[in-house]
C-alpha cells in the first residue's frame, strides 16, 4: 500500500499548477477502512493517494475478519491510514453502512412538488419506519416514470423494454433513505475523534453509484460484495429502483473453507485470495465450498432480478461487480454464466485522473474503492 502512495506522491508534480481543492472519502467497512484523496483542478478530479487498512488486528483478530470496533479504535485506524498514505487533508466525507439505514420506495399521487412532496414523503414514510419519524433523518429522490422514457420511441432506453407493459398510472414514485439520528450522532463522534472535517455523511450505496454510473439509460445491477453482506442495487437513470441485502459476504467463504477443510482462518483466507474459483487449488474441494456460498448469494440475486423484470417488463443486461469480494478469481466468469448478462468489474478510478503507468494497478483495486471515490467526488462537486 505504501508503494502505491509513494508513486502517486511522486507524480503530484504533474498536477500542482492552478487553483485546487482537495478532499478525502472515508469508507468504514466491517473488516477494513478504505480512504481516497482526490484533488480537483480545472474541472477534473486527480487521484492524489489511496489505501486500505484491515480492522481485524485492531480487535485482536485476523486480517479479513469482520469486527465490531468501538469508535475510539476506528478513529485510531482512520488516523493510522491517513498517515500511512500521506494524506494532505482531513476534509472530506464519511460513508454510513447500508445496514445502518433503511431504503424504500413510496408511491404518491402525481403532481405533488416542492415542500408538499417533502411533507407527503414524511407522512408516507411512517408506514415503513419502526420508530417515531422525528427520530430519523430522511432524504428522498423522485423516480422518473415509464412515460417519461417513452417520449422518444427511438431512444436507446427502449432496448429491453416490453412495450406490452401498460403505462403507469398518474403516480409519483419516490425513493426514500432513512437514518436514525443516533446513528448520525455515532458517526459524528467518530469523525470528531479522528479529527476529520466531515462535510457530510452518505449511505455507502449512493456513494458507490456515483463512482460507477455514467449515463446508462438501460437498467443495471450493482452487486457490492462486502465482508459480511452483499448489497444489490438495480439502478436506472442513476436512481436506485430496487435495493436488497443478502446476509452473506466474502468472510462467509473464508469461514466455510476453514470449517470444511479443517484449516485456520488465516489459511482459508489465503486460499480464497490465492485460488478463488480456479481449478488449481491444493484441495480439490475448495472450489465447491466457495461455490456453495456464491450460489447462495447468486440465488437471491436471481430472485431480485426476476421480480424486477416481471414488474417492469425490462430486461437487465448489465451487472457491475464491486467491493473487495468482487476480486475473487473466477467470479466474473462464473457470474456471466449464471446470469447470462454482461458482467464487468466496477473501477471507481475511471472517474479520476492518474498517471498512465498506474492504470493496470488501479483497475485491479478499483472495485474496493467505489464508495470512497464516490464520497470524495461529491465533496468536490
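The values are calculated or read from the model by the stated rules, or taken from the named source; none is laboratory data. Predicted, not measured: the structure shown is a model, and the values here were computed from it. Because the Cβ atoms are built from the backbone with ideal geometry, glycine has one as well, and the counts that use them run over all protein chains shown.
Flag: residue 54 does not match the condition of being closer than 29 Å to residue 257 by Cα, at pLDDT 95 or above and in contact with a helix residue (DSSP H, G or I) (Cβ under 7 Å, 6 or more places away or on another chain). Please verify whether residue 289 is assigned to a helix (DSSP H, G or I) and either without any contact (Cβ under 8 Å) to a residue 60 or more places away in the chain or surrounded by 15 or more Cβ atoms within 10 Å (Cβ to Cβ) (or both), treating the condition exactly as stated. Answer is yes for this residue. The listed residues are 39, 79, 83, and the only one of them that is in a helix (DSSP H, G or I), modelled with pLDDT of 95 or more and over 27 Å from residue 180 (Cα atoms) turns out to be 83. Checking each residue in the stretch 194-227 for being assigned to a loop (DSSP other than H, G, I, E, B), surrounded by fewer than 24 Cβ atoms within 10 Å (Cβ to Cβ) and out of contact with any helix residue (DSSP H, G or I) (no Cβ under 6 Å at 6 or more places or on another chain) picks out 195, 196, 213, 214, 215, 216, 218, 219. Assessment of the stretch 305-322 against the conditions (at pLDDT 95 or above, part of a helix (DSSP H, G or I) and closer than 25 Å to residue 269 by Cβ) yields no matching residue.
If I filter the stretch 77-93 for residues that are closer than 30 Å to residue 130 by Cα, out of contact with any strand residue (DSSP E or B) (no Cβ under 9 Å at 6 or more places or on another chain), touching a residue at least 24 places away in the same chain (Cβ under 8 Å) and buried (at least 18 other Cβ atoms within 10 Å of the Cβ), do I get at least one hit? Step through it out loud before you land on a result.
The initial filter retains those residues of the stretch 77-93 that are closer than 30 Å to residue 130 by Cα, namely 93.
Filter again for out of contact with any strand residue (DSSP E or B) (no Cβ under 9 Å at 6 or more places or on another chain), leaving none.
No, that holds for no residue.
Only one of the numbered conditions (1) touching a helix residue (DSSP H, G or I) at 6+ places or on another chain (Cβ under 9 Å); (2) modelled with pLDDT under 90; (3) within 30 Å of residue 27 (Cβ to Cβ) is violated by residue 144, and that is (1).
Given the structure, is residue 108 at pLDDT 85 or above, assigned to a strand (DSSP E or B) and over 26 Å from the mean Cα position of the chain (by Cα)? I'd like the intermediate steps shown before the answer.
Values: at pLDDT 85 or above: yes; assigned to a strand (DSSP E or B): yes; over 26 Å from the mean Cα position of the chain (by Cα): yes.
The answer is yes for residue 108.
Report, by residue number, each residue of the stretch 323-344 that is more than 12 Å from residue 220 (Cα to Cα) and either more than 19 Å from the chain's Cα centre (by Cα) or in a loop (DSSP other than H, G, I, E, B) (or both). Answer for the stretch 323-344, where residues must be more than 12 Å from residue 220 (Cα to Cα) and either more than 19 Å from the chain's Cα centre (by Cα) or in a loop (DSSP other than H, G, I, E, B) (or both): 323, 328, 329, 330, 333, 334, 336, 337, 338, 339, 340.
The set of residues in the stretch 54-69 being touching a residue at least 60 places away in the same chain (Cβ under 8 Å) and either farther than 11 Å from residue 30 by Cα or surrounded by fewer than 16 Cβ atoms within 10 Å (Cβ to Cβ) (or both) consists of 62, 63. Could you check, for the stretch 349-365, whether at least one of its residues is within 16 Å of residue 223 (Cα to Cα), surrounded by 20 or more Cβ atoms within 10 Å (Cβ to Cβ) and touching a helix residue (DSSP H, G or I) at 6+ places or on another chain (Cβ under 6 Å)? Looking through the stretch 349-365, none of the residues is within 16 Å of residue 223 (Cα to Cα), surrounded by 20 or more Cβ atoms within 10 Å (Cβ to Cβ) and touching a helix residue (DSSP H, G or I) at 6+ places or on another chain (Cβ under 6 Å).
Note on the stretch 252-276: among residues that are touching a helix residue (DSSP H, G or I) at 6+ places or on another chain (Cβ under 9 Å) and outside any helix (DSSP H, G or I), the one that is surrounded by the fewest Cβ atoms within 10 Å (Cβ to Cβ) is 264. Which condition number in (1) modelled with pLDDT of 90 or more; (2) touching a helix residue (DSSP H, G or I) at 6+ places or on another chain (Cβ under 9 Å); (3) surrounded by 15 or more Cβ atoms within 10 Å (Cβ to Cβ); (4) part of a helix (DSSP H, G or I) is the one that residue 186 fails? Status for residue 186: all satisfied but (3).
For the stretch 111-135: of the residues being surrounded by 15 or more Cβ atoms within 10 Å (Cβ to Cβ) and either assigned to a loop (DSSP other than H, G, I, E, B) or modelled with pLDDT of 95 or more (or both), which is nearest to the chain's Cα centre (by Cα)?
Start the filter on the stretch 111-135 by keeping residues that are surrounded by 15 or more Cβ atoms within 10 Å (Cβ to Cβ), which leaves 112, 117, 120-122, 124-125, 129.
If we keep only those that are either assigned to a loop (DSSP other than H, G, I, E, B) or modelled with pLDDT of 95 or more (or both) as well, we get 112, 129.
Numbers: 112: 31, 129: 23 Å.
Per the stated criteria, the residue is 129.
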